[in-house]
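Notes follow the structure.
The values are calculated or read from the model by the stated rules, or taken from the named source; none is laboratory data. As the structure is a prediction and not an experimental result, all values here were calculated from the model. We place every Cβ from the backbone using ideal geometry, glycine too, and count neighbours over all the protein chains shown. Note: areas computed on protein heavy atoms with side chains; ligands, DNA, RNA excluded. Shrake-Rupley method; radii C 1.70, N 1.55, O 1.52, S 1.80 Å.
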Amino acid sequence: MSSVALAELVACVDRELAFRSKVYPRWVKDHKMTAGTMEQEMRRMQAVRAALIRGEALQLLVDQLGDDAEGPGLWPRVAALVEEIGARFRVGT
């Protein structure tokens with residue numbers, strides 16, 4: 001399995017979200033999809049995007065901490081890294 005950079009993965013998900021944003025409303029209008037299904041599928045793909053970013057943040061933290069990856073300060077540091085990494089991939093930036 002080849003390694004793909006986070007930026008490439010997020011860009012791929014962003015393209016899929018853009019595609020769905022254009023196509024799904026038409027499918028709803030043509031009764032090929034319900035509005036509820038459209039909203040659910042969009043939320044799922046947005047969750048995929050968020051999970052990629054959270055996973056990258058967690059991996060960075062583990063890489064930084066090494067053997068010190070346990071303790072009470074772990075999750076605040078994870079949250080900070082998620083925010084930092086997420087800021088790099090905000091939609092429209």
*Counting only residues that are within 27 Å of Arg88 (Cβ to Cβ) and among the polar types (S, T, N, Q), which one in the stretch 4-54 is farthest from the chain's Cα centre (by Cα)?*
Ser21
*Find all pairs meeting these conditions: Cβ atoms under 7 angstrom apart; at least six residues apart or on different chains; first residue within the stretch 79-93 and at pLDDT below 70; second residue open to solvent by less than 40 Å² (accessible area, probe 1.4 Å).*
Phe89/Val10; Phe89/Ile53
*asked:* So the check is Cβ under 7 Å with 6+ separation or different chains; which pairs have a first residue in the stretch 20-34 that's within 19 Å of Met45 (Cα to Cα) and a second one that's aliphatic (A, V, I, L, M) and loosely packed, with under 13 Cβ neighbours inside 10 Å?
replied: Val28/Ala35
*asked:* Restricting to the stretch 67-78, and then to whatever is among the small types (Gly, Ala, Ser) and surrounded by 10 or more Cβ atoms within 10 Å (Cβ to Cβ), can you tell me which residue is modelled with the highest pLDDT?
replied: Gly73
